[in-house]
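Trainee: One structure, as C-alpha cells, below. Some questions next.
The values are calculated or read from the model by the stated rules, or taken from the named source; none is laboratory data. Predicted model, so just to flag it, every value in this text is computed and none were measured. Note that each Cβ is placed from the backbone with ideal geometry, even for glycine, and that neighbours are counted across all protein chains shown. Please note that ligands, DNA and RNA were not included when accessible areas were found on the heavy atoms of the full protein model with its side chains. Shrake-Rupley method; radii C 1.70, N 1.55, O 1.52, S 1.80 Å.
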Amino acid sequence: MPTRTARTAWNGTLQEGSGQVELSSSKIGTYEVSFPKRAAEDAGGTTSPEELIAAAHSACYSMALSGEIARAGGTPVALDVQADVTLGPDPAGGFKLTGIKLTVRGEVEGLDAAGFAQAAQAAKEGCPVSKALTGVDISLDAALES
C-alpha cells in the first residue's frame, strides 16, 4: 500500500504566525492554517488539524461502512457521514482532541435497521483512521537547519 504525504510550511510564533498545509501526494491544494483561527469559532477561510482529521475520518469511515454493509449482505446506495472533531484543553497542559462524533445516514438495500446498526459499529471499530485515533506510536525526527 502507498504512503501519502502532506507538508506544512510554518512562519512565525504560535499566536502571530501562520502556515500553509500542502496535500503533497494528490497535489490538489494548499490550505492556510493559523492557531488563532484554529481556536476561533469562525475559521475565517483557514483549515485546521481537526478539520483535516475530520475529513480523513469521514472518508475512511465511509469506505469501511460500505465494505461492512456488503459483508452483511446489503448494498449501500448512499451514505452521508459527518465527523465532528473537537479540540479542547488538556488537564495535563496544552490542548488535545476531546471528542469525535461520527454521524451517518444511509440508504441501503438488503439490510434492516439492526443490520445497518451492526455494520455501522463494525465500521467504527475497523476503520484504519478510527484505529489510529485510539492510540498510535508516533516517532519524531527533529533537527535544526543551519
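Trainee: Restricting to segment 32-48, give me the number of residues that are open to solvent by less than 60 Å² (accessible area, probe 1.4 Å), under 21 Å from LEU133 (Cβ atoms) and in contact with a Leu (Cβ under 8 Å, 6 or more places away or on another chain).
Mentor: Residues meeting the conditions: 1.
Trainee: May I ask you to list the residues in segment 57-82 that are part of a helix (DSSP H, G or I), of a type in the set (A, V, I, L, M) and surrounded by fewer than 18 Cβ atoms within 10 Å (Cβ to Cβ)?
Mentor: ALA59, MET63, ALA70, listed by residue number.
Trainee: Tell me whether segment 28-45 contains one or more residues that are touching a Cys at 6+ places or on another chain (Cβ under 6 Å) and part of a helix (DSSP H, G or I).
Mentor: Taking every residue of segment 28-45 in turn, none turns out to be touching a Cys at 6+ places or on another chain (Cβ under 6 Å) and part of a helix (DSSP H, G or I).
Trainee: Can you tell me how many residues within segment 52-83 are within 18 Å of the chain's Cα centre (by Cα) and closer than 23 Å to ARG4 by Cβ?
Mentor: Residues in segment 52-83 being within 18 Å of the chain's Cα centre (by Cα) and closer than 23 Å to ARG4 by Cβ: 19 in total.
Trainee: Taking into account only those residues within segment 9-22 that are hydrophobic (A, V, I, L, M, F, W, C) and open to solvent by 50 Å² or more (accessible area, probe 1.4 Å), which is modelled with the highest pLDDT?
Mentor: TRP10
Trainee: Separate question: Can you pull out every residue in segment 83-124 that is in a loop (DSSP other than H, G, I, E, B), open to solvent by less than 70 Å² (accessible area, probe 1.4 Å) and hydrophobic (A, V, I, L, M, F, W, C)?
Mentor: Answer for segment 83-124, where residues must be in a loop (DSSP other than H, G, I, E, B), open to solvent by less than 70 Å² (accessible area, probe 1.4 Å) and hydrophobic (A, V, I, L, M, F, W, C): just LEU111.
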